[in-house]
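A.B. asks: Before I ask anything, here is the structure I am working with.
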Amino acid sequence: MTVTEESAHPAVPAAGAARRPLARELLTIRRDPLPRMSRPRWLAWLPHVVVGYLALFFGVLTVFQLSEVYGVTGDTATASVLTGAAVLLALFRPIAAWWLSLAAAGLAAWQIYDHMGQGQIWPWMPGSLFPFSTVLLLVALRVPPRVTVAVVGISIVLSGTADVLWHPDGSSTSTPAAALLFGFAGLLGYALRATRLARTKLVEQETLTEEERAQRTLLEERSRIARELHDVVAHHMSVISIQSQVAPHLVENPSEELKENLAGIRENALEALTELRRVLGVLRSEDPGDPAHPHHPQPTLAELDGLVDNVRSAGLDVTTEIAGIRRPLAPGVELTAYRIVQEALSNCLRHAPGSRVEVGIAYGPRELHLCIANTAPTRPAPPSPGAGHGLLGMRERAGMLGGELAAGPCPGGGYEVSAVLPMDPQPKTKTEEDA
């Protein structure tokens, strides 16, 4: 037999098997199939084929020895069939196969009892010793060591008891040879089983090591991104906040409107810094979902009013309309919807100054509909230093949830962004994206 995968058959956990009474273990007919070989794949069923061949061979051997060696006349097929069936059954129900093999050996011993010649062995004839040892080996491969010891011990004790009580005159005993052969089969099965379990645990440890290495690589990459975000974004946002605070003192008699706008700039910069720090905390955390280390950087549609108020304070006329029953959604849907509205409003600020913006949100039974539309700008838009990836980012966010986003100009010089997000997001597969 060869080393096989422990996970290939429904083995009973070692702890549970240790607590189960030994008598229950010996009387069970629980299905416990012989595990298949894992590598190479074409050898997966080789042990089963070998055992099937041995079952046929031992059945034929039993018939030959009963009729030719011991001179038994009459029914020899029953013991032969039971012997082969026990070997085959050991592939799936080892303990039941052991009992059946004992019955087959007992029947053969009873049939040859009146046909013993001088020097012939009893109670085990050669045609019974080897198939029974094969069954013991298949049993020891699947059961705990204490059950293997009990099975081998009971077999030897039954053989010795029969030999003492009913030994035929003039025959030789086969009990010592049976004890050696059965003990060897039990030890071999135990060794192979222990090797299989050790190999399985080694594979499990290697899998855990790979997962830990991948997790560590992921954390290192997240930490690197966090450092870059902090170095680039946080620095500039801090400078904006400080400059907006100092600017009123650099102008003689600043107007209230200027002070209010600069205060709004500083407030938005500080809010962006706060959110950025939360994002960095999540990136640096090994377990962002750990309740002991809560991080909540993801805004939801419940904070939409604050977002709209900020845009209004920047000089944009924004109206909102919500249709349907407003209710909490999945975190990914909430975050995606908020970010789409946020990015669309930012685009209106940059590219359509002085326009009127309408934000519409409709809660459907299965989908969330978003629509952000603005009229034509009333004054030229200043040059934008952005890279022009806003629409691409919105499409990617919607696509990750299995939703859709469309954007384009409206009649009269305006622009509209509309999105449909599923309430129960189903991310697109790689094949769907490539298609």
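The values are calculated or read from the model by the stated rules, or taken from the named source; none is laboratory data. Nothing here was measured: the structure is a model prediction, and the numbers come from that model. A quick note on method: Cβ atoms are made from the backbone with ideal geometry, for glycine too, and the neighbour counts reach across all protein chains shown. Calculation scope for accessible area: heavy atoms of the full protein, side chains included, ligands and nucleic acids excluded. Shrake-Rupley method; radii C 1.70, N 1.55, O 1.52, S 1.80 Å.
A.B. asks: Hey, how many Å between the Cα centroid of the range 130-159 and the Cα centroid of the range 189-218?
C.D. replies: Centre-to-centre (Cα) distance: 29 Å.
A.B. asks: Same structure, new question: What's the local net charge at T148, with K and R +1, D and E -1, over the other residues with C-beta under 15 Å away? Walk me through the numbers before you get to the answer.
C.D. replies: Working: positive: R20, R142, R146, R193, R196; negative: E25, D32.
Once positives and negatives cancel, what remains is +3.
A.B. asks: In a shell of Cβ-Cβ distance under 13 Å around D309, excluding D309 itself, what net charge do Lys and Arg (+1) and Asp and Glu (-1) give? Walk me through the numbers before you get to the answer.
C.D. replies: Values: positive: R312; negative: E267, E271, E303, D305, D317.
Net of charged neighbours comes to -4.
A.B. asks: May I pose another question? Quickly rank 370-382, 312-324, 117-129, 211-223 as a protection proxy: mean count of other C-beta atoms within 10 Å, highest first. Don't jump to the answer; show the numbers that get you there.
C.D. replies: Numbers: 370-382: 16.3, 312-324: 14.1, 117-129: 18.8, 211-223: 11.4.
Answer by packing, highest mean first, reads 117-129, 370-382, 312-324, 211-223.
A.B. asks: Measure off, as a whole percent, the carbon and sulfur share of the 1.4 Å-probe accessible area of the range 106-220, all protein chains present. Don't skip to the end; give the middle numbers.
C.D. replies: Details: 4000 of 5970 Å².
Accessible surface attributable to carbon and sulfur in the range 106-220 totals 67 percent.
A.B. asks: Okay, moving on. Under the Karplus relation 6.51 cos²θ - 1.76 cosθ + 1.60, θ = phi - 60°, what is the ordered set of whole-Hz ³J(HN,Hα) values for the range 165-182, x standing for Gly and Pro?
C.D. replies: 7, 10, 5, x, 5, x, 9, 9, 7, 10, 5, x, 5, 5, 4, 5, 5, 5
A.B. asks: Count charges around E367 for me, please; just the other residues with Cβ under 15 Å from its Cβ, Lys/Arg as +1, Asp/Glu as -1.
C.D. replies: Values: positive: R326, R327, R366; negative: E334, E404, D424.
Here the charged neighbours net out to 0.
A.B. asks: Sticking with this structure for a sec: Output the peptides 58-71, 256-269 sorted from most to least packed, where packing is the average of other Cβ atoms within 10 Å over each peptide's residues. Each step should come with its number before you reach the end.
C.D. replies: On the way: 58-71: 18.4, 256-269: 14.4.
Going by the mean number of other Cβ atoms within 10 Å, highest first, we get 58-71, 256-269.
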